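Below is one structure, written out as structure tokens; comments come after it.
The values are calculated or read from the model by the stated rules, or taken from the named source; none is laboratory data. Note that the structure is predicted; figures quoted are calculated from it, not measured. No Cβ is skipped: glycine too gets one built from the backbone with ideal geometry, and neighbour counts run over all protein chains shown.
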Amino acid sequence: MRSAAFFDLDKTILAKSSSFAFAKPLYRGGLIGRRDVVRSAYAQFVYLASGADHQQMESMREYMSKLVNGWEVSTVRQIVAETLDDIVDPMIYEEAVELIALHKAQGRDVIIISSSGTDVVEPIGERLGADIVIGTQVAIEDGRYTGEILFYAYGEGKADAMRALAAEHGYDLAESFAYSDSLTDLPMLDLVGNPFAVNPDSALRAIAVERDWPVLDFDKPVALRKSIDGKQAAAAGAGVALGAVALGLAWYAHRRVHRA
């Protein structure tokens with residue numbers, strides 16, 4: 001059996017929240033108003049200062065569900081593609097890039113699982129050369145988001161995704177690695193034999209110390225283009241969208257049928 005390396009995204013690979021980071025481009029694209037930009041800036045500040053607990057994550061799900069309702073998917077993807085270099089590149093931790101490269105060199109699949117939406121997470125995962133990317137999945141009808149969240153990549157949801165991937169790809173979770181900053185990702189960390197707390201919030205840091213888990217403090221955000229060969233990242237990431245879509249068609253559909 002193979003092993004894999006599972007990464008959270010925000011404050012683990014990125015120095016900020018990927019969802020909030022695109023507030024200004026979305027405003028310039030006419031998708032959100034000034035009030036939403038201010039709210040996103042405040043939420044980013046709170047998140048960076050103290051992390052996000054269960055209540056905040058649930059509030060964010062409700063807020064984002066209402067916010068994206070009716071957005072044209074192609075517009076969102078275009079905005080993300082056009083602003084990815086300016087928004088995301090400068091806030092990627094160099095230590096995370098090196099860690100991803102190490103796992104790939106040792107033959108492990110690198111998997112990013114983030115509560116941000118797939119249309120934000122997948123391009124970032126491509127740039128990083130991840131093998132599979134899982135994000136929050138919002139239903140789409142007639143080319144627009146409906147606001148219905150089919151899968152929320154948070155808490156136990158991340159652990160469910162990891163189990164599904166392990167069954168599909170033959171990963172040995174006992175030999176696998178997981179990295180996250182938040183107590184809300186405890187199910188994800190508990191599932192593997194090698195959990196790491198990265199820039200952990202106070203609650204996760206306390207658990208890591210209690211359980212003798214390694215604690216990593218990343219503090220070197222750098223331009224991704226200076227850290228990864230773009231051609232290699234693009235080639236490695238070519239299967240990212242397909243991997244996510246394959247999981248989506250099988251697993252998300254299964255969840256909906258099961259729920260019904």
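Of note:
- On the stretch given as region 135-178, residues that are hydroxyl-bearing (Ser, Thr, Tyr) and surrounded by fewer than 17 Cβ atoms within 10 Å (Cβ to Cβ) total 1.
- In region 39-130, counting only helices (runs of 4 or more DSSP H) that sit wholly within it, the ones holding 3 or more residues that are surrounded by 15 or more Cβ atoms within 10 Å (Cβ to Cβ) and modelled with pLDDT under 90 span 54-68, 73-87, 118-128.
- Under the condition of being within 16 Å of SER114 (Cα to Cα) and of a type outside the set (Lys, Arg), the residues counted in region 136-177 number 19.
- Enumeration of residues in region 136-185 that are assigned to a strand (DSSP E or B), more than 18 Å from ILE100 (Cα to Cα) and touching an Asp or Glu at 6+ places or on another chain (Cβ under 8 Å): VAL138, ALA139, ARG144
- In region 129-155, the residues that are under 15 Å from VAL68 (Cβ atoms) reach residues that are part of a loop (DSSP other than H, G, I, E, B) with C-beta atoms within less than 6 angstrom, at least six apart or across chains, in these pairs: GLY135/ALA153; THR136/TYR152; THR136/ALA153; ARG144/GLY70; TYR145/TRP71; GLY147/ASN69.
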